[in-house]
Every structure is written in structure tokens, then in C-alpha cells.
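The values are calculated or read from the model by the stated rules, or taken from the named source; none is laboratory data. Just so it is clear, the structure is predicted and the values come from calculations on it, not from any experiment. Here the Cβ positions follow ideal geometry from the backbone for every residue, glycine too, while neighbour counts run over all protein chains shown. Heavy atoms of the whole protein, side chains included, go into the accessibility calculation; ligands, DNA and RNA do not. Shrake-Rupley method; radii C 1.70, N 1.55, O 1.52, S 1.80 Å.
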Amino acid sequence: MKIKDLFSSKKPVLSFEIFPPRPDYPIETIFETISQLQDLQPDYISVTYGAGGSNRQRTVQIAAQIKKDYQIETMAHLTCVGHSPEELDQIIDDLKNNDIENILALRGDPPRNEPNFVFKPGHYCYANELVKHIRRKDGFCIGAAAYPEGHPECKRWEEDWSRLRDKVNAGVDFLVTQLFFDNRVFYNFKEALLRMGVDVPVTAGIMPVLNPSQIKRMVYLSGASMPAKLLQMFDKYGDNLGDFEKAGIDYAIEQINDLIANQVEGVHFYTMNRAEQTRKIIININK
Ligand code: FAD
């Protein structure tokens, strides 16, 4: 099933994001996680595409198995960094042969150990080029990433959003946002998109804050701003990991329920492959 069709029949569309286990970990570990998440009835599960390279084959394998063995719809992430168009064709064919109809088309990030990374001639430099590439093929529903606080590389949010509009116009069916902690940021973003004429469904990306060290990394990677309420959590529970996690779970429940009350079209939950915490949150949202 194409994910774009879910948006017309259901609100919010609930999705989980998982990542493939590292190559030195058995692939079965992710299926244990999925088995534990299954009865939460996500509308689809998306599988990330490893930046490192060696993990990439697992994305297709896991996405295919979710659909076949669990009868849950899937979306495979695909990044164009470091791939020639011919290599991308091979992966896309592989997805098609495995009956995967939904792709999150991304640029990806240059390898961290290559600060002077340059794209090879003929390679795609931005996600909109990958979107166009996939659009030329039959039968795929295409999602893309969106940044309510602008992509970190961009100097001004509006500049990033107008590029986002071009990306959508290249053939995107729906958007999934970067994580954010302040719903007002999301509501402003959504309104800005509508003013710009972008009216594809926008799924809100939610990542729970489960421990003080994780958040530093999240903020560092995403550039998400921290509302005062979240900062207070550090002062109050920073020394007690159990209480901190509980407060983080409550924060995520409240954040999602507020989005649902405000008619969000989709909630994309970054599970971080943590079934227990995901369960505690999802059973408490007003789906
Ligand atoms: P783009 O849309 O290409 O944008 C990247 C930057 O380039 C932006 O600053 C944009 O404003 C700018 N830009 C766009 N077009 C142009 C243009 N024509 N000229 C000049 N500048 C331009 N990464 C992974 O490696 N694997 C994953 O599985 C993965 N999943 C993700 C899922 C979600 C929901 C999100 C939000 C991100 C994910 N990422 C993943 C991270 C993503 O790859 C990075 O954020 C990456 O830096 C940008 O990817 P993009 O597709 O948004 O790029």
C-alpha cells in the first residue's frame, strides 16, 4: 500500500522508525524489537539507511521482512550521498523486487571522517534530484525530510523551506519532519508551508528524551531548540536516571497528544529500537 493513501483514510497516521542493527550484531535482534512493537499497530514502519555503507543491504532486507512476516506496511529510507545514479537504480530495483512501494528519499550526510567531501561528477548533491530520479520510475510513493527549524546547513529557515517547496514540487507525496520539542515550532512551520502552497501531508517526527546524555547528541545532530520545560527536567531529574526517563516519557505523551488535538496528519515516532519505552508512550496517546 502506498503511504500517501493512508492520509486520506486516517488521522493521525502513526509510524515507527527503526534502524538496522550494526553489521556485527545479528539481524534477528531487530525482529525481536518489531515483534514487541507489532501490537501497537503502527500504520507503517520505516527503516533507516545507514550512513556508514556496510549496513545498507540490511535496510532492504528488514523492510521486506516487516511487510512479508508481520503484514505491516514499510518504508525504506534511501540516501543518494556516495551513490552513482546507476547504483541507486540497483537499490531501487531491489526495493521493487521486494514489493516495497514507499521510499523516504534523502540526501544523507557526507562521511564524518571526510570534512572536504566533494560529490563525484554525475552524483546527486540534493534530495530533490533523487526524488526526480525515483519519480521517473513507476509505482513508488515518495516521502522526504522536512525541518521545522530549518536544516542545520542553511543560514535562514525560510531559505531551507523554499528549497523544501522545490523538493516537494519535484514529486514528493508526503513529508516527515526532523525531531522537535516545541509544538509551536511545528505549527508555525505547517502554516508557513501552507502559505507557500505546500499542501502535502506533514508527519511530525517525535523522539522521546530518555536520558540527559542522549539529548546532547540529539540537539547537536538536529539543531532542535529546547523549550524551558525540557530544560527544567534537567534541573529536576538530571541526577536520577529513572525519574528522568519517566519525565521524558510523560513529555513525549503530552507533546504527541497536543499535536493530535491540533489535527496533526501523522506522527512519526523515532523508536531508537527501544520497544519498552515506545510502548509506554504509544499506549497513552489519543490515537
Ligand atoms: P536536502 O533536502 O537535499 O537538503 C540538504 C540541505 O541542502 C539543506 O540545507 C537544503 O536547504 C539544501 N539544499 C537543498 N536543495 C538545494 C539546492 N538546490 N541548492 C543549494 N542547497 C540546497 N540520514 C541518513 O543517512 N539515513 C537515514 O535513514 C536518514 N533518515 C532521516 C529521516 C528523517 C525523517 C530526517 C528528517 C532525516 C534523516 N536523515 C537520514 C538525515 C538526512 O540525511 C540529513 O539531515 C541530511 O543532511 C539532509 O538530507 P535531506 O534529504 O533533507 O537533504
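Before moving on, here are some points about what is shown:
- Among strands (runs of 3 or more DSSP E) entirely within the stretch 157-274, having at least 1 residues that are at pLDDT 95 or above and more than 18 Å from the chain's Cα centre (by Cα) singles out no element at all.
- Selection from the stretch 93-121 of residues that are touching a Cys at 6+ places or on another chain (Cβ under 9 Å) and aromatic (Phe, Trp, Tyr): Phe119
- Out of Asn116, Asn98, sole residue that is crowded, with 16+ Cβ neighbours inside 10 Å, more than 19 Å from Gln178 (Cβ to Cβ) and away from the ligand (no atom under 16 Å from the Cβ): Asn98
- Count of the stretch 146-155 residues, restricted to those that are in a loop (DSSP other than H, G, I, E, B) and either of a type in the set (Val, Ile, Thr) or modelled with pLDDT of 95 or more (or both), is 5.
- Considering residues of the stretch 138-154 that are more than 9 Å from the ligand (Cβ to nearest atom) and under 17 Å from Ser222 (Cα atoms) only, the residue most open to solvent (accessible area, probe 1.4 Å): Glu149
- Pair list, Cβ under 9 Å, 6 or more apart: the stretch 115-130 residue over 11 Å from Gly82 (Cα atoms) and outside any loop (DSSP other than H, G, I, E, B), other residue acidic (Asp, Glu) and within 11 Å of the ligand (Cβ to nearest atom): Asn128/Asp166
Every residue, every condition in (1) over 21 Å from Thr48 (Cα atoms); (2) buried (at least 18 other Cβ atoms within 10 Å of the Cβ); (3) more than 12 Å from the ligand (Cβ to nearest atom), yes or no:
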{"position": "Arg136", "(1), (2), (3)": "yes, no, yes"}
{"position": "Asp166", "(1), (2), (3)": "yes, no, no"}
{"position": "Val176", "(1), (2), (3)": "no, yes, no"}
{"position": "Phe180", "(1), (2), (3)": "no, yes, no"}
{"position": "Phe189", "(1), (2), (3)": "yes, yes, yes"}
{"position": "Met196", "(1), (2), (3)": "yes, no, yes"}
{"position": "Pro212", "(1), (2), (3)": "yes, no, yes"}
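- A single member of Ser35, Ser46 is surrounded by 22 or more Cβ atoms within 10 Å (Cβ to Cβ) and either assigned to a helix (DSSP H, G or I) or hydroxyl-bearing (Ser, Thr, Tyr) (or both), and it is Ser46.
- Exclusive hit being out of contact with any Phe, Trp or Tyr (no Cβ under 6 Å at 6 or more places or on another chain), modelled with pLDDT of 95 or more, more than 10 Å from the ligand (Cβ to nearest atom) and within 14 Å of Ile142 (Cβ to Cβ), set Ile72, Ile103, Ile66, Ile92: Ile92
- Of the residues making up the stretch 162-170, none is under 30 Å from Arg274 (Cα atoms) and of a type outside the set (A, V, I, L, M, F, W, C).
- The stretch 6-32 - residue that is more than 20 Å from Asn102 (Cβ to Cβ) and within 15 Å of the ligand (Cβ to nearest atom) and, of those, surrounded by the most Cβ atoms within 10 Å (Cβ to Cβ): Pro21
- Residues in the stretch 272-281 that are touching a helix residue (DSSP H, G or I) at 6+ places or on another chain (Cβ under 7 Å) and either closer than 21 Å to Pro201 by Cα or open to solvent by 70 Å² or more (accessible area, probe 1.4 Å) (or both): Arg279, Lys280.
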